[in-house]
Amino acid sequence: MSHNFTSQSGDGLHVAIIMDGNGRWATRRGLPRVAGHRAGVAALKRIVEHAPDVGIRALTVYAFSADNWARPAGEVQSLFWLMRAFLRLETERLRQKSVRMQIIGRRDRIPAAALREVNRSEFVTAAGRRLLFRVAIDYSARDAIARAASSSPAQEASVSAARSAMHHELTREVGEVDLLIRTGGEKRLSDFLLWESAYAELYFTDCMWPDFSPAELDAALAEFRHRERRFGAVPTAAVAAGGSR
Ligand code: IPE
Ligand code: IPE
Ligand code: MG
């Protein structure tokens, strides 16, 4: 099956998802917020299964932001418990499906039991080639950018050399984001992949994350395919007509 998507890397898309709306999904049903997070994990499983079949080679999902530590301790605890359960139950299936799981973000504040499961899952799935599945945990794009800046040699000769070193550091293996989806109705980035999404197509939907189905992902991809990505240049038709001069 061939896909006509315009991706920067040419070999499949990098899709990023801000999985928002779990709490509201639950509250509307008269359920505790944690029930929304549990339903959100089920939605994530379906999306990870579907992604490689529709031309996605890398999927980065926002599971816990560095700012989410501000939530009540009980909710934070449930979130890490659910992550741990997800990895414990799904790692073998990810491996069988040739999905490589990786986390991005800070590792030093993740509860020990959850971190053990993360390390195990990364190790077990390391050979996966069909899909790179990245989970952002305790993640802040500003932190990631600041870290990349401080790890690149301080005496970079020029702004453009510094910029390309940082770009390499932030996008290696995975490339830039082609399509960024946010569920839950809010239209903001909440400190997610700011550098990597410089030319991403943005797709916002009112669908709450637990209701985000493979069909919803297909709809987002269908819209993506109709957009024209220009990366600062002029439309291809204008070039053909000599309009670039
Ligand atoms: C997203 O859903 C999941 C996390 C941030 C962990 P929310 O919990 O933010 O749900 P809403 O936005 O309150 O509905
Ligand atoms: C962003 O959602 C983080 C995740 C989805 C994990 P939030 O619900 O935390 O974002 P804000 O607070 O509405 O910006
Ligand atoms: Mg939210």
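The values are calculated or read from the model by the stated rules, or taken from the named source; none is laboratory data. Quick caveat, the model's predicted, so the values are computed rather than measured. Glycine gets a Cβ as well: all are built from the backbone with ideal geometry, and neighbour counts include every protein chain shown. For the accessible areas, the whole protein counts, side chains as well, though only heavy atoms, and no ligand, DNA or RNA atoms are used. Shrake-Rupley method; radii C 1.70, N 1.55, O 1.52, S 1.80 Å.
Restricting the calculation to Cα atoms, every distinct pair contributes to the Kirkwood radius of the stretch 124-245, found to be 17.4 Å.
A dipole drawn for the stretch 172-228 from +1 and -1 charges on Cβ atoms has a positive end, and of Ser213, Ala198, Leu179 the residue lying farthest that way is Ala198.
Sorted largest first by accessible area at a 1.4 angstrom probe radius, with every protein chain in place, the residues Trp25, Trp195, Trp209 fall in the order Trp195, Trp25, Trp209. Peptides 65-74, 162-171, 178-187 ordered by packing proxy, namely the average of other Cβ atoms within 10 Å per residue, highest first: 178-187, 162-171, 65-74.
Which value, in debye to the nearest 20, describes the size of the charge dipole of the chain about its Cα centre when Lys and Arg Cβ atoms bear +1, Asp and Glu Cβ atoms bear -1, and nothing else is charged?
Details: 35 positive and 28 negative charges, 92 e Å.
My answer is approximately 440 debye.
Protein-only accessible surface at a 1.4 angstrom probe places the residues Phe86, Phe123 in the order Phe123, Phe86, largest first.
Computed on the stretch 1-110, the Cα convex hull volume stands at 133 Å³ per residue. If you wrap the chain in the convex hull of its Cα atoms and look at it from every side, the mean projected area works out to 15.4 nm². Taking other residues whose beta carbon is less than 13 angstrom from the beta carbon of Ala112, and scoring Lys, Arg as +1 and Asp, Glu as -1, yields +3.
Considering only Thr60, Val234, Gly30, and ranking their Cα positions along the charge dipole of the chain that arises from unit charges at the beta-carbon of Lys, Arg, Asp and Glu, the one farthest toward the positive end is Gly30.
Taking every C-alpha pair closer than 8 Å and separated by at least 6 residues, the mean separation divided by the residue count of the stretch 13-244 gives a relative contact order of 28 percent. Anisotropy class assigned to the stretch 26-88 is prolate, per the alpha carbon gyration tensor with a/c at or over the 1.5 cut-off and a/b larger than b/c.
Among Glu223, Glu122, the sequence by solvent-accessible area, most first, with a 1.4 Å probe is Glu223, Glu122. Convex hull volume per residue, computed on the Cα atoms of the stretch 106-170, equals 114 Å³. Using only Cα atoms, find the angle between the long axis of helix 141-151 and the longest principal axis of the chain, and express it within 0 to 90 degrees, rounded to the nearest 10. Value to nearest ten degrees: 70. If R0 is taken as 25 Å, the Cβ-Cβ distance between Glu186 and His50 corresponds to a FRET efficiency of 0.60. Distance from the alpha carbon centroid of the stretch 211-229 to that of the stretch 57-97 works out to 24 angstrom.
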